[in-house]
Amino acid sequence: MRVLFWYMDRFAYKPAVKNLDDVETVNEAGQAENAVVAFVHGEEKDEENPGKAETKLIKNIKWLAGKWDTKKVVLHSFAHLGESKCDPACLKALFDRAEERLAAVGYDVAQTPYGYFLDIEIAAPGRSLARVYKEF
């Protein structure tokens, strides 16, 4: 798994193009303020041990959210950080489990529409730890 984490003052999105045929049709836009946004690239190796990838993702989210004193998180599938890609269903299931676990301990978690290219608007501070890349 490869993840580009951003702390964002504002993150807004709107579905633009559906790129997976078997996902539900979504038209609603969304936004989050003062949130950690995780741009997640799932790799083939994550299919072998999805629990490990899930736990690492959650630990890194909690760490960065703590640095920014926020409980708001957005999970976004971003299959552009490497060559190897996991099955889309595997990553979506991982997102659902991570959301459930984070919500159970008080985080406000959202997922961008899965299987869509999005129009995105961001406002992010230019400070230390506003952008963090992790590979695990």
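Here is how the numbers come out for the structure above:
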read-out: Those GluC sites (Glu not before Pro) in the stretch 24-95 that DSSP places in a loop and that have at most 12 other beta carbons within 10 Å; value: Glu24, Glu28, Glu83
read-out: Charged-residue dipole, Cβ positions (Lys, Arg, Asp, Glu), the stretch 2-127 about Cα centre, Debye nearest 20; value: 620 debye
read-out: Partners for Lys72 among aspartates and glutamates (Cα-Cα distance below 14 Å; same-chain residues under 8 apart left out); value: Asp9, Glu33, Glu99, Glu100, Asp108
read-out: The chain: C-alpha pair distances exceeding 26 Å, %; value: 17 percent
read-out: Selected from Ala32, Ile61, Tyr116, residue furthest toward positive end of dipole (the chain; charges at beta carbon); value: Ile61
read-out: Alpha-carbon centroid distance for the pair the stretch 10-49 / the stretch 54-98, whole angstrom; value: 10 Å
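Just so you know, all these numbers are worked out from the coordinates, no wet-lab data involved. Being a predicted model, the structure only gives us computed values, none of them experimental. Note: ideal-geometry Cβ built from the backbone for every residue, glycine included; neighbour counts use all protein chains shown.
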